[in-house]
1. If we count every other residue with Cβ under 13 angstrom of THR161's Cβ, Lys/Arg +1 and Asp/Glu -1, where does the sum land?
2. Below 13 angstrom from the Cβ of PRO356, what's the summed charge of the other residues (Lys, Arg +1; Asp, Glu -1)?
3. With every protein chain kept in the model, how would you rank PHE159, PHE462 by accessible area, 1.4 Å probe, largest at the top?
4. Taking the mean number of other Cβ atoms within 10 Å as a proxy for protection, how do you rank 334-342, 322-330 from highest to lowest?
5. Work out how much length PHE312 to ARG202 would gain on full extension: take 0.36 nm times their residue separation and subtract the Cα-Cα distance, in nm to one decimal.
6. Under the 0.36 nm per residue contour assumption, what length would be gained going from the current alpha-carbon distance of THR170 and ILE14 to full extension?
7. If I model a spin label at THR29 and GLU297 as a point 7 Å from the Cα along the Cα→Cβ vector, what separation in nanometres do I get?
8. Tell me, what ³J(HN,Hα) does each residue in region 349-359 have, in order and in whole Hz, if you take phi through Karplus 6.51 cos²θ - 1.76 cosθ + 1.60 with θ = phi - 60° and put x for Gly and Pro?
Amino acid sequence: MSFNCFPVELHHQILCFMDPEDLLALRKTSKYFLALTHEPRLWTSVYYHIRQTHALGCSQSEFAALTPCQSERLLVRASKTQRVFQTFREHPQRHIFPSGQTRKLGPLAALSFLSERFLLSVDETTVVYVWDISNAGSAVDEEAPSFPRARLTLVGWKFLTYSMSNDHSTLYVVLSKGARAHIFSLVLPLTTSNAEEVFKFRDVAYLDTHFNNIDSIDPESCLVLLQLSNAIIEVVDWRTEARASVLVHQQGIEEHPNRNYVHALRICGPYILCFRRWSVDAYPIPAPFLDPARAREPPLPVLQHIMPGTAFIRKTSLSRVRHTRSPSGDVYTLYALAEDQRQGMHHYQVHVHTTPVPALSVRLLAFGAAEADRRVSAWDLGESGMRGAWVCTYMGEARYVAAFAASASVYPEPSLFSLLSLSFSDSLEGGTLEMPPEVVPRFEAEVVSTVASRYSDGELRFLCSMVMMTVVLF
């Protein structure tokens with residue numbers, strides 16, 4: 001009995017277990033399979049099958065709203081990222097260089113997508129690789145090797161952080177050893193290049209960190225932020241090696257002000273945004289680091305937003321900063337995904353206004369109730385700040401990956417005029433915009449993947465990154 005003798009329903013049942021890329025290849029074999037693989041219900045079945053084993057950052061309702069083309073792109077991307085992850089995790093030593101040589105890699109310490117084409121990996125011996133994954137883990141050979149386009153080896157050094165330029169054309173990597181830190185840059189091609197071409201890291205800066213970790217790096221302004229203590233943030237220009245200290249205020253917190261620890265730092269134009277346990281602060285960047293035109297303007301005030309008395313922020317992840325310039329003023333906007341030790345996950349929207357009146361507004365967009373004995377061990381917030389994912393652990397073991405998505409229609413941004421028309425209350429030297437009371441919705445987070453095996457911390461963070469990469473944003 002030939003395959004054509006089976007009923008269409010059985011064909012449909014068989015095809016839903018195929019890899020999405022194989023379905024696209026099967027579509028080209030005959031008019032029958034061309035029609036069959038264009039049926040929306042087939043891709044819906046593939047979605048329900050894939051989401052059992054893949055980390056998908058798309059809920060059932062979101063998938064139902066996608067067009068057939070978007071559905072196919074989402075599932076193909078999910079399948080490919082899963083294969084890439086499994087290839088690096090299960091075969092860490094099976095990577096072949098274009099010259100044909102093989103190289104033994106140590107256990108992975110970090111693994112992160114730079115784009116749909118490039119992947120960053122760092123092993124525990126501090127060998128940094130940038131891989132071209134455009135053909136890695138193909139449907140034909142799931143163990144197909146990928147080729148490193150760049151390699152940086154500094155054995156005994158510590159990998160601190162990395163950052164991409166705003167146009168995603170340049171990668172910046174920070175490594176440290178003792179009191180020294182080096183910043184390396186790597187220009188990534190925006191178009192397809194010669195498969196044999198190898199890119200080289202460039203040492204762009206050397207810094208004396210005084211044995212402190214670098215908390216944030218801003219490629220556009222060439223500034224680095226170091227937290228020297230709970231009360232001092234140091235700003236360093238890596239081009240000139242000029243540095244200055246910014247004092248972190250302890251006012252505004254009635255109980256245990258010295259325990260208002262700093263969790264995350266980000267440069268927002270002329271301000272340093274500081275997420276802390278019980279507050280969000282904005283400190284002016286010292287004048288020597290500002291452009292001459294802004295440095296001649298009157299000094300900016302310090303801004304602070306005090307969290308509600310019930311808040312107890314433990315971890316924070318920040319999105320990219322978006323700058324909006326209009327005749328009514330300049331606004332820097334970012335989003336934060338924070339874990340409250342008592343109330344679960346929180347999603348915040350932060351506006352830093354520099355003109356006409358410096359002000360800081362922090363808005364709680366959504367929250368999720370904390371579950372007993374459950375903690376977040378890894379998380380990721382997309383660049384737009386409107387999608388996020390986290391790994392939930394129970395009794396010390398990772399159990400599942402949860403994801404959420406929001407849209408501008410759900411969380412409309414208040415206009416600058418409406419913000420400035422709100423009541424203004426003094427806070428430290430500047431002010432904070434008090435948002436009117438409103439009903440804060442709960443997270444519509446959905447479990448997108450279960451974690452059945454033991455993963456390292458780096459692999460758990462990569463699982464969250466996979467959720468971000470598999471989402472189609474339109």
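1. +1
2. -1
3. Details: PHE159 50, PHE462 0 Å².
I get PHE159, PHE462, largest accessible area first.
4. Numbers: 334-342: 20.9, 322-330: 12.8.
Listed from highest to lowest mean packing, they are 334-342, 322-330.
5. Length gained, PHE312 through ARG202: 35.5 nm.
6. On the way: separation 156, 0.36 × 156 = 56.16 nm, distance 4.40 nm.
That pair, THR170 and ILE14, stretches by 51.8 nm at full extension.
7. Placing both labels 7 Å along Cα→Cβ, they lie 6.4 nm apart.
8. Coupling constants for region 349-359: 10, 10, 10, 10, 9, 9, 9, x, 10, x, 7 Hz.
The values are calculated or read from the model by the stated rules, or taken from the named source; none is laboratory data. Treat the numbers as computed from the prediction; the structure is a model and nothing was measured. When we count neighbours, we look across all protein chains shown, and the Cβ atoms used for this are built from the backbone with ideal geometry, even at glycine. Heads up: the accessible areas ignore ligands, DNA and RNA and are worked out on the full protein's heavy atoms, side chains in. Shrake-Rupley method; radii C 1.70, N 1.55, O 1.52, S 1.80 Å.
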